[in-house]
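This report concerns only the one structure given below.
Bear in mind that the values in this text are calculations on the coordinates, not laboratory data. Everything quoted here is computed from the prediction, not taken from an experiment. Positions of Cβ are generated from backbone atoms using ideal geometry, with glycine treated the same way; all protein chains shown enter the neighbour counts.
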Amino acid sequence: MSENALNELIEAARLDPDHVFSAPWEARAFAIALQLSESGYFTWDAFRDRLIAEVRASDRIRARDGTSAHGEYYDHFLHALEKLLEEKGLAHS
Amino acid sequence: MSDHHNTDDSGPAARVKALEALLTEKGLLDPAAIDAIVDTYETRVGPRNGARVVAKAWTDPAYRKRLLADATSAVAELGFAGPQGGHLVAIENTDRIHNLVVCTLCSCYPWPVLGLPPVWYKSFAYRSRAVSDPRGVLEDFGLELPSNVEIRVWDSSAEIRYLVIPQRPKGTSKMSEDELAAIVTRDSMVGVAKVEAPRA
C-alpha cells in the first residue's frame, strides 16, 4: 500500500461521489448475490461470513507485503460468492 | 467505468457472466430482476435518503428524539427500509464529540439510508487506519478537528449499522427542511466530513 493510498481513493470519490461500482461486473455480482439471498438460497449473513474470510485473508497478505495484487473488494466478493455457491451445490450445470 | 483488465475468459467479468448464465439456466435467477437490482442500487438507493433523515432531525426535535432512541423505526417512518437496514443506530456529533464510522471486517453499511458504500470505505487503507489513527484519517479527508474534540470510532457489524447525525452548520436557521437535506453529504453521515453552509 502506498503511503497515500487513501488520499487517492478520497480524490477519486471527490471527482465522482456517486461511484460505488468500478466495473459493470461488480454490479452484476452484487445483484446476483442479493437476489439469491432474497430468494432464500442462502442468507446474506452466510454470504457475509465468506466475504469477511476473503477480506481477512487479503488484509493479512497486504499487511505483510503491501501489495494489492491479489485483488480488491469486489474480487473478494466474487470469490466469496463462488465458494458459497460451490458449497451449496448451486454452481454445477 | 473501466473494464480494461477483465477482458480474458478467466477475468472476473467473464466469471460473473458465466455464473449469471448458469444460474439463469437453472432457474435460480431472473435476469430482469438482476437488472432491476443494479438500477436500484446505482440510481435509486443512496445517501439522499439519509440526508432527509438528518434534515428532519435538525428541524423536528421530536423526530430527533425518536431517531436517537430507535433509528430503525425513525427512518422507516420516512419510508426507508430494506436489506441491511435493520439495527440502525444514530449517533450525534456535538461541539465536543465527533463520530466516525468504519467496518473493519468488510463493508457493513446502512444501505436504505446511505446506499452502497463508496470505494474508500471498503479499502484496506481506511479500514486499517480509522481505528488506529482516526485523527490522521480525518485529516486525509481535509477535516481538522480541534484537539479538545473527542473522536469516537464506531465499528459497524452485522448486528449494528451507524448513521452519523452531523452538526447543523451555523447560518442555516432560515433554511427549509428540503434545503437542508440538499447540503447534507454522504461523507458527513459517515463522519469523515462536516456539513458546510452554502456560501451566501
Cα-based helix-to-principal-axis angle, A:5-15 vs chain A, degrees rounded to 10:
80 degrees
Among all the lysines, which ones have a C-alpha under 23 Å from residue B:122's C-alpha, if same-chain residues fewer than 8 places away are not counted?
A:83, B:194
By what distance, in whole Å, do the Cα atoms of chain A stretch along each of the three principal axes, largest value first?
43, 32, 23
Take the Cα coordinates of region B:48-200, assign each an equal point scatterer, and use the Debye formula without solvent to give log10 I(q)/I(0) at q = 0.12, 0.15, 0.21 Å⁻¹.
-0.47, -0.74, -1.43
Among B:152, B:129, which comes first, then next, by fewest other beta-carbon atoms within 10 Å?
B:152, B:129
Let me know the Rg and Dmax you get for the protein assembly as shown when you use only its Cα atoms, in Å.
19.6, 62
I need two numbers for region B:35-75: Rg to one decimal and Dmax as a whole number, Cα atoms only, in Å.
13.0, 40
Among B:20, B:177, B:92, whose mean-square fluctuation peaks in a Gaussian network model of chain B (Cα, cutoff 10 Å)?
B:20
Helix-only mean residue ellipticity at 222 nm, chain B, DSSP H runs n ≥ 4 weighted -39,500 (n - 2.57), per residue, nearest 500. What is it?
-12000 deg cm²/dmol
What's the center-to-center distance, using Cα atoms, between region B:63-79 and region A:40-93 in Å?
34 Å
Would you mind ranking B:17, B:122 by Cβ crowding within 10 Å, fewest neighbours first?
B:17, B:122
Most fluctuating residue given options B:57, B:74, B:33, as computed from a GNM of chain B linking Cα atoms under 10 Å:
B:33
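Can you compute the helix-only [θ] at 222 nm over chain A? Use -39500 (n - 2.57) per DSSP H run of at least 4 residues, normalise by all residues, nearest 500 deg cm²/dmol.
Rounded to the nearest 500, the figure is -22500 deg cm²/dmol.
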Would you mind ranking A:19, B:87, A:76, A:92 by Cβ crowding within 10 Å, fewest neighbours first?
A:92, A:19, B:87, A:76
